[in-house]
Amino acid sequence: MSDDADVGGADLLGARALREWLTGEREAFSRVFLVESGAAVEAVREVVAPDDVMLLPASSPPDGGPAAVARYTGELRAVGDELFFGERGVELQDYVAAAFVQIIGPTAIRFFDAAGWRAFLDDADLARRTGVFSTALIDPRVLLADRSALEKPGEVVTPSAVRVAADGSVSVGVQGEVIGTVDDLSAALDTALPRSTALGEVAPRHEVAAESARLGGIRRYLSATDLMKMLHLVNGDARIAGFGWAPIDDRLADAEPLTADPFLLDTADGLMLADTGTLRRQLLTPLTATVVAATQTSSTLELAAQRLARELGTPVSHASALCLEAVAALGVHFGERTSGDPTTGVNG
């Protein structure tokens, strides 16, 4: 696709591609290149493929080679910068400051210093303990930049969100590490790197590795913020299992719910199971909610059945059947084992 699409279509394409570039998540496109004003567009054209997208300054030449093209105005580098595709725009904001500024439109937030990185980790810990989430992260207008690097920092992949700067440098994500120059662009794009590369010097790789235990729960935490957005919830509207609320508080849980598993909530309308992947929601009876809680926080059927039997005062065989029914009918799963030891009643 070498010619620009119609203006409206190109603007929509640009907005979708920019979202993938900001988050680092591959969905509709293989790679997204944000080419800055004054950068070597020709060098990028030589390496792009039909399933790539080039985000080009409005003043750049029209031909994008085999890749799709969307044209933008503005830039995204410093706090307060804005980038537009026609009337569709996004502002770049600092993670810490986002909690204190008025969000008036689509906003991407990122860590611009180590304080922001630590604040993010502290906010995740706070949500786990109390159920209170960062107000910026649960605002539907806000997108967390470099999200894939936070969810899977150690996963090794070839770059998919690429910035080509006017000085010839090539980097990953919004402000990630420089991985090469336009003179060796092909080699840079073929080199697999940890996703944490996109976090740059704000969160160096060794620090990310040291925080791996805390980062283990980040994926579920970020999915919970997606849930809040999906249901248009604010802090205090509902209780979410695993975030300041445990439907079964027997200290025998040895697992965390899988990242993609539905969430169990206590809302004004009653107990609910909500899935951020399918957008499905359904009300549950207290009994079914208890079965779901036991299943998701146990690593095996045996432990889930024992805990449920103890909670309900029912035979283990009946409790086991209830857990299997929940797995089959509700799409929940037994959890991922943590460091907790269910024989001692101490959770890790």
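Read the figures in this text as sums done on the coordinates, not as results from a lab. Model, not experiment: these values are computed from the prediction. Here Cβ is always computed from backbone atoms with ideal geometry, including for glycine, and neighbour counts include all displayed protein chains.
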Gained length - His333 relative to Val132, 0.36 nm times residue gap less alpha-carbon distance: 69.8 nm
Inter-site label distance for Asp269 and Asp184 at 7 Å from Cα along Cβ, in nm: 5.6
Full-stretch length increase - Arg77, Ala99 - with 0.36 nm per residue and alpha-carbon distance subtracted: 6.0 nm
5 Å binning of all Cα-Cα separations within the stretch 224-348, expressed as whole percents from 0 upward: 2, 12, 23, 25, 20, 12, 6, 1, 0
Efficiency of FRET from Cβ geometry, Glu87 and Ala166, R₀ 25 Å, rounded to 0.05: 0.45
Answer label for log10 I(q)/I(0) by the Debye sum over Cα atoms at q = 0.10, 0.15 Å⁻¹ (calculated), chosen among (1) -0.61, -1.36; (2) -0.67, -1.19; (3) -0.81, -1.17: (2)
Prolate/oblate/rounded call for the stretch 157-283, Cα gyration tensor, a/c under 1.5 rounded: prolate
Gained length - Glu42 relative to Leu287, 0.36 nm times residue gap less alpha-carbon distance: 81.9 nm
Projected label distance in nm at Leu324 and Ala210, using a 7 Å step from Cα toward the beta-carbon: 4.9
FRET efficiency, Leu312 to Leu121 (Cβ-Cβ, R0 25 Å, nearest 0.05): 0.10
Protection proxy ranking, peptides 196-205, 174-183, average beta carbon neighbours within 10 Å, highest first: 196-205, 174-183
Principal-axis tilt of helix 286-296 within the chain, Cα atoms, nearest 10 degrees: 60
Cβ-derived FRET efficiency at R0 30 Å, Met230 paired with Thr158, nearest 0.05: 0.45
Per-residue ³J(HN,Hα) for the stretch 299-314, Karplus 6.51 cos²θ - 1.76 cosθ + 1.60, θ = phi - 60°, Hz, x for Gly and Pro: 7, 9, 4, 4, 5, 4, 5, 5, 5, 5, 4, 5, 5, 9, x, 10
Whole-Hz ³J(HN,Hα) from phi, Karplus 6.51 cos²θ - 1.76 cosθ + 1.60, for the stretch 130-136, glycine and proline x: 10, x, 9, 9, 4, 4, 5
Amide hydrogen neighbours beyond the local backbone of Leu143, cut-off 5 Å, H modeled: Thr107, Ala108, Ile109
Share antiparallel - DSSP beta bridges, the chain, percent rounded to 5: 55
